[in-house]
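Visitor: My structure is below; once you've seen it, I'll send some questions.
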Amino acid sequence: MEDRALQQSRIIEVNGDSKDRQIIDEERCKFLRKVFASAHINMLLGSGFSAGVVPTLGHRESWFQSFDALMRDNPTDSIWQTARGLLRAEYFKSVMLPLEGKQPDSLQVAFISAAMQLVAGRGATMLPKRVNFFTTNYDPMIESSLETLVQPFNDGFTGRMRPAFDTSSFSRLMYEQSLFMEYSSQVATANVFKVHGSLTWRRQNVNAGIGYSSVDDTLKDCLINFEDLISSKAVEKVGILVQKDCDDAGVNNLRLLACSLSGDDSHIVNNFANQYDATLCIVNPAKKKFEETVLEQSYYDLLRIYANELDRNNSLLIVFGFSFADEHILGLTRRAIRSNPQLIVIISCYTREDATGYQSLFPNADNVYLFIPTEGGVIGLRELSEVLKCAVK
């Protein structure tokens, strides 16, 4: 009877303020244990997972959207091309370059550890000992956290000397066998799906597909010969412009900036944009994302896997730090919520006010639950990790 009441409320309050109280009440812990015990577990992690270690996107998406549209409407206008090149240079400088040498913090590692504990204790069952991590982040914080924990995972690459991206690797499970007996047991593993690409991905030639690279090597190769551009006053001025949402005045200011460059400087900007596109395997932040992903079969396959995982019986999706601003991921999630009554979606709200926005995205959805903090508190990685720990006790 209590389980039914909890399901009808679809709001689960998490103590996000005081360490003196239990993070979540016992009745809700019991409910979550039942959900996790019988579920195919998926996590959708957005920029909130990497916050504090990785710079946020800010207002840059609106700028990329506007200038992609301008490029489509004015394909022969070299000034718009240079302006978009300046946007790419500023984005690389402010969002990607700071990732050089970065490692996950203790909160990220603790969260990934708590997520893996949800499946590590599973006995003989039809359910795999596997957690699927889906993210739109380019950074390697999930993978690095798993490596810190010495936790086996699939990131889509096969091979050691020349790793190549192959989505079939995500279907593999790992087993351990006794040296002296025929007994084997499944090892807890993770799949890491980078649905917008990654700084560990490198473009090979057209036929070779996607290869693997360290983040530092990818950044270094993209930067080579363009150090002066990245540190230039022009890119610094773009950084000031993108602190606000893009509007007509902002577009005009960026165009004037592009016009003010000498012919040689414009050539350098355009060359950097070409090197950026030739080196990085990412989906840039713009509304036209889906059209970009269709051009790359690997991106399309990852979205298909996401949709298929949500269509499974007893599928569970936990969402953290993800706003659903990505329209096609939102669309796939909405479709699964409507069509799969056995899917449960749990969205972690950083503040109580965030709940209203999520409720508006998924109105009247009986299988969507919200973690909301107690009054005055928040739900960050620390609090959500404690909730996950409650679910395995």
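Visitor: Holding the Cα-Cα limit at 27 Å, pick out from 34/129; 34/194; 129/194; 194/389; 194/220 the pairs that are longer than that.
Guide: From the list (34/129; 34/194; 129/194; 194/389; 194/220), the Cα-Cα distance tops 27 Å for 34/194.
Visitor: Taking N as the number of residues in the chain, what value does Rg over Cα atoms divided by 2.2 N^0.38 Å take? Please list the in-between numbers first.
Guide: Values: Rg = 22.5 Å, N = 393, 2.2 N^0.38 = 21.3 Å.
Normalised Cα radius of gyration, the chain: 1.06.
Visitor: If you count, for each residue, the other Cβ atoms within 10 Å and average over each peptide, how do 71-82, 88-99 line up from highest to lowest?
Guide: Working: 71-82: 13.8, 88-99: 20.2.
Highest mean packing first, the order is 88-99, 71-82.
Visitor: If I histogram all Cα-Cα distances within region 60-116 using bins 5 Å wide from 0, what percent of pairs lands in each bin?
Guide: With a bin width of 5 Å, the distribution comes to 4, 16, 17, 13, 11, 10, 9, 8, 6, 4, 1.
Visitor: Please give the FRET efficiency for residue 267 paired with residue 164, using the beta carbon to beta carbon distance and R0 = 30 Å, rounded to the nearest 0.05.
Guide: Calculated transfer efficiency: 0.30.
Visitor: Still on this structure: Any idea what % of Cα-Cα pairs in region 289-393 are farther than 17 Å? Could the numbers behind the result be given before it?
Guide: Values: 3165 of 5460 pairs.
Tail of the P(r) past 17 Å holds 58 percent of the pairs.
Visitor: Let me ask something else about it. For residue 134, what is the net charge nearby, where nearby means another residue's Cβ is under 10 Å from its Cβ and Lys, Arg count +1, Asp, Glu -1? The partial results should precede the final answer.
Guide: On the way: positive: 194; negative: 309.
Here the charged neighbours net out to 0.
Visitor: Could you tell me, in Å, what Rg and Dmax come out for the Cα atoms of region 117-247?
Guide: Rg and Dmax of region 117-247, Cα atoms, are 20.1, 69 Å.
Visitor: Let me ask something additional. Nearest 5 is fine: what % of DSSP beta bridges in region 126-280 come out antiparallel, could you say? Walk me through the intermediate numbers first.
Guide: Working: 11 of 19 bridges.
Antiparallel: roughly 60 percent of the beta bridges in region 126-280.
Visitor: Order 149-161, 315-327 from most to least packed using the mean count of other Cβ atoms within 10 Å. All intermediate terms of the calculation are to be shown ahead of the outcome.
Guide: Numbers: 149-161: 15.2, 315-327: 19.8.
The densest-packed peptide leads the list: 315-327, 149-161.
Visitor: What fraction of the DSSP beta bridges in the chain is antiparallel, stated in percent and rounded to the nearest 5? All intermediate terms of the calculation are to be shown ahead of the outcome.
Guide: On the way: 13 of 46 bridges.
Taking every DSSP beta bridge with both residues in the chain, the antiparallel ones total about 30 percent.
Visitor: Let me ask another. In the neighborhood of residue 222, defined by Cβ-to-Cβ distances under 13 Å, what is the net charge if each Lys or Arg adds +1 and each Asp or Glu adds -1?
Guide: Residues close to residue 222 contribute a combined charge of -1.
Visitor: Also, quick follow-up: Let me know the Kirkwood hydrodynamic radius for region 9-131, please, with Cα pairs as the basis and the value in Å to one decimal. Could the numbers behind the result be given before it?
Guide: Values: mean 1/r = 0.0524 Å⁻¹.
19.1 Å is the Kirkwood radius here.
Visitor: I would also like to ask the following. If I compute solvent accessible area with a 1.4 Å probe over the protein chains, what percent of it on region 234-393 is carbon and sulfur?
Guide: Working: 3640 of 7420 Å².
Ligands and nucleic acids excluded, carbon and sulfur give 49 percent.
Visitor: Another question, if that's okay. Where does region 231-362 land on the Kirkwood hydrodynamic radius, alpha-carbon pairs, in angstrom? Spell out each step's value before the answer.
Guide: On the way: mean 1/r = 0.0543 Å⁻¹.
Roughly 18.4 Å, rounded to one decimal.
Visitor: Taking a 1.4 Å probe, which of 126, 141, 174 shows the most accessible area, and what order do the others take after it? Numbers along the way, then the final one.
Guide: Working: 126 185, 141 0, 174 85 Å².
Accessible-area ranking of 126, 141, 174, largest first: 126, 174, 141.
Visitor: Mind checking the angle between helix 263-279 and the chain's longest principal axis? C-alpha axes, 0 to 90 degrees, to the nearest 10.
Guide: Here the helix axis deviates by roughly 30 degrees.
The values are calculated or read from the model by the stated rules, or taken from the named source; none is laboratory data. Treat the numbers as computed from the prediction; the structure is a model and nothing was measured. All Cβ positions, even for glycine, are placed from backbone atoms using ideal geometry, and neighbour counts span all protein chains on display. Note: accessible area is taken over every heavy atom of the protein model, side chains too, but ligands, DNA and RNA are not part of it. Shrake-Rupley method; radii C 1.70, N 1.55, O 1.52, S 1.80 Å.
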